[in-house]
Ligand SMILES: Cc1ncc(COP(=O)(O)O)c(C=O)c1O
């Protein structure tokens, strides 16, 4: 006999309000050479040393990993000059963002993120029964005054992606410090620095100093971007001892796999590979920004490994039509309508071949002659 709706199990409040995360497309039907520029993956791939370390674990797949990821935390601690006891590792930084929400948000609480903030923030907030509160941005950039104005007695977390995805914009360190100073001490400031390794700006800091000197700031990092290990799901968090303690209580006991841990340790040691990735990104981000700008399209200045391209509203020139034209050539960008940006596309910085093909296709789309 069928149960009535009232009798069947129901998810906690908030869950059915979630718009499930839709990842970037990865295929272009009927096109042989596909250039996936929709998920901010690195065109240089991981360090060969990380791949080798990953393979070596194949002989031990029956064994549980070290639940505390001690070797990985030590390697991260050495690389960044941090106390390993203040680090928690996770299955991607998504895992850590969700764990922070689970540990600090209850039904009716509020968590703030900015207008075009990373979509995992409202998802993690709603999944914890709390209410996402949106703070307006200025010029596609987080606005400290707007965030502070959005704080209420119910606010428990402020999520700030710095640089932000999908806009690529960042807040200078003095602004992040001003944000921290303006928050009540009971509010946890989550600095999501997934793209920190790519930033080459004198006034930028990922947040290490602020975490070290505060009781209410954590910083999340990932191995998915510059380290090229997105498939393995590996991230880490640096925080005050009491936050680390809380997160360790709610995380899965083996949330980081042994192959991921081994690859992460090797990746972090290969600083030459990271430097090559930064250099590639600097060169091609500048080139793409300039060349796409010449086509009459606005590109938001980016500090990360992707750019946000704005398209006109006029028929034949829209973001949706550009997306179609690019996909026909095998160039896959990210539609960002879900981020409130229906007239824009986000493009990850790709290989030279991918970048040149993207610009040539956009030139044709805009009715301009192709760039050499
Ligand atoms: C701002 C930001 N934070 C976190 C993540 C999640 O990264 P991962 O879960 O792969 O570590 C991403 C990935 O796109 C991101 O853009």
Among beta bridges assigned by DSSP with both residues in the chain, the antiparallel ones amount in percent, to the nearest 5, to 50 percent
What is the order of 60, 280, fewest Cβ neighbours within 10 Å to most?
60, 280
Return the distance in nm (one decimal) between the two label points of a simple spin-label model at residue 314 and residue 353, each offset 7 Å from Cα along Cα→Cβ.
3.5 nm
What percentage of all Cα-Cα pairs in the range 21-156 are separated by more than 23 Å?
59 percent
I'd like the FRET efficiency for residue 298 and residue 209, computed as 1/(1 + (r/R0)^6) with the beta carbon distance as r and R0 of 41 Å, rounded to 0.05.
0.75
Along Cα→Cβ, 7 Å out, is where each label goes; now give me the distance between the ones at residue 145 and residue 283 in nm to one decimal.
4.2 nm
Once the piece of chain linking residue 32 and residue 10 is laid out straight, how much longer is it, given 0.36 nm per residue of separation minus the C-alpha distance between them?
3.4 nm
Can you tell me how the range 306-364 classifies by the Cα gyration tensor, rounded, prolate or oblate, using a/c under 1.5 as the rounded cut?
oblate
Add -39500 (n - 2.57) for each DSSP H run of 4 or more in the chain, then divide by its residues: what number comes out at 222 nm, to the nearest 500 deg cm²/dmol?
-10500 deg cm²/dmol
Which three numbers, in whole Å and largest first, are the semi-axes of the equivalent ellipsoid of the chain derived from its Cα gyration tensor as √(5λ)?
32, 26, 22
If neighbour count is taken as other Cβ atoms inside 10 Å, put 141, 167 in order from fewest to most.
141, 167
Anisotropy class of the range 195-263 from Cα gyration tensor, a/c 1.5 cut
oblate
May I ask you to list the residues of the range 99-121 whose amide nitrogen lies under 19 Å from a point 7 Å from Cα along the Cα→beta-carbon direction of residue 154?
101-115, 121
Please work out how much length the chain gains when fully extended from residue 17 to residue 174, using 0.36 nm per residue of separation minus the C-alpha to C-alpha distance, in nm with one decimal.
53.0 nm
To the nearest 0.05, what FRET efficiency results for residue 325 and residue 200 with a Förster distance of 25 Å applied to their C-beta separation?
0.20
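Where does each of 214, 261 land when they are ranked from fewest to most other beta-carbon atoms within 10 angstrom? Write out the running numbers ahead of the final one.
Numbers: 214 19, 261 24.
Least crowded to most crowded, the residues run 214, 261.
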Rounded if a/c is under 1.5, else prolate if a/b beats b/c, else oblate: with a ≥ b ≥ c from the C-alpha gyration tensor eigenvalues square-rooted, which is the range 215-372?
prolate
So what is the relative contact order of the chain, in percent, for Cα pairs below 8 Å that sit 6 or more residues apart?
24 percent
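Values in this text are rule-based calculations from the coordinates and carry no lab data. A quick note: this is a predicted structure, and the numbers were derived from the prediction, not measured. All Cβ positions, glycine included, derive from the backbone under ideal geometry; neighbour counts span all protein chains shown.
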